[in-house]
1. Only one of (1) at positive phi; (2) modelled with pLDDT of 95 or more fails for residue 55. Which number is that?
2. Could you check the stretch 41-88 and list, in sequence order, the residues that are touching a His at 6+ places or on another chain (Cβ under 8 Å) and either without any contact (Cβ under 8 Å) to a residue 24 or more places away in the chain or of a type in the set (A, V, I, L, M) (or both)?
3. What tally of residues in the stretch 118-146 results from selecting those that are in a loop (DSSP other than H, G, I, E, B) and on the phi < 0 side of the Ramachandran plot?
4. In this structure, is residue 114 over 17 Å from residue 50 (Cα atoms) and not basic (Lys, Arg)?
5. Scanning the stretch 49-89 for residues that are surrounded by fewer than 16 Cβ atoms within 10 Å (Cβ to Cβ) and basic (Lys, Arg), which turns out nearest to residue 24 (Cα to Cα)?
6. May I ask you to list the residues in the stretch 44-82 that are of a type in the set (Phe, Trp, Tyr) and over 20 Å from residue 111 (Cβ atoms)?
7. Out of 76, 173, 158, I need the residue that is of a type in the set (D, E, K, R), at pLDDT below 90, in a loop (DSSP other than H, G, I, E, B) and under 18 Å from residue 9 (Cα atoms). Which one?
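The values are calculated or read from the model by the stated rules, or taken from the named source; none is laboratory data. Remember, it's a predicted structure, so these values are computed and weren't measured experimentally. Cβ atoms come from the backbone with ideal geometry, glycine included; neighbour counts cover every protein chain shown.
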Amino acid sequence: MALMTRIIGIDPGSRRTGYGIIDSRDGKIAYVTSGIVRLPEGPLPPRLKIIFDGISQIIEQYQPQHMGVEDVFFARDPRAALKLGQARGAAIVAGVNAGLEVGEYAARSVKQAVVGSGSADKVQVQMMVTQLLKLATSPSEDAADALAVAICHCHSMRSQMALSGSGAHGYARGRHT
């Protein structure tokens, strides 16, 4: 009997945080759910709590074993990069608090894993996520990005298991926290 692994991917943002959950079994992936934690305008600290609470609730409901999170990309505005980093932190703490293994992936690695090109645009990511998961309709950009992170995490887990020759969990790409 094959082991099923459930993975949540997170596309963090200080206005919208995308999430996507997939199942992996026998080298195949299947869509579970995806969506967006929408954040109101206002001070950042209460918005970070909404991210933490929202992701915690999704983890409790769907019970993933692993989490993949997109890393902070280079931003021209240092304040925007700091806010994004704090949003990532809130999501990561929700995962770690629930006992999940967390992998962090550069946007370029995620695009490479899903589209085959690290310079792919958001539309290409949406199209490939829709195709890979056999979805009837394309998810929103944030949800598609989160699903792409989950797919990347899945590929990374498979690569590491193949390299190690065992079922041990580790990550060939990205950082494992």
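1. With (1) at positive phi; (2) modelled with pLDDT of 95 or more applied to residue 55, the lone miss is (1).
2. Hit for the stretch 41-88 is 67, nothing else.
3. Initial filter on the stretch 118-146 (in a loop (DSSP other than H, G, I, E, B)): 118-121, 133-140.
Still in the list and also on the phi < 0 side of the Ramachandran plot: 118-121, 133, 135-140.
Matching residues across the stretch 118-146 total 11.
4. On the way: over 17 Å from residue 50 (Cα atoms): yes; not basic (Lys, Arg): yes.
Spelling it out, residue 114 is indeed over 17 Å from residue 50 (Cα atoms) and not basic (Lys, Arg).
5. Out of the qualifying residues, it is 49.
6. First, the residues of the stretch 44-82 that are of a type in the set (Phe, Trp, Tyr): 52, 62, 73-74.
If the condition is that a residue be of a type in the set (Phe, Trp, Tyr) and over 20 Å from residue 111 (Cβ atoms), then 52, 62 are the ones that fit.
7. Details: 76 fails: under 18 Å from residue 9 (Cα atoms); 158 fails: in a loop (DSSP other than H, G, I, E, B).
Of 76, 173, 158, the one residue that is of a type in the set (D, E, K, R), at pLDDT below 90, in a loop (DSSP other than H, G, I, E, B) and under 18 Å from residue 9 (Cα atoms) is 173.
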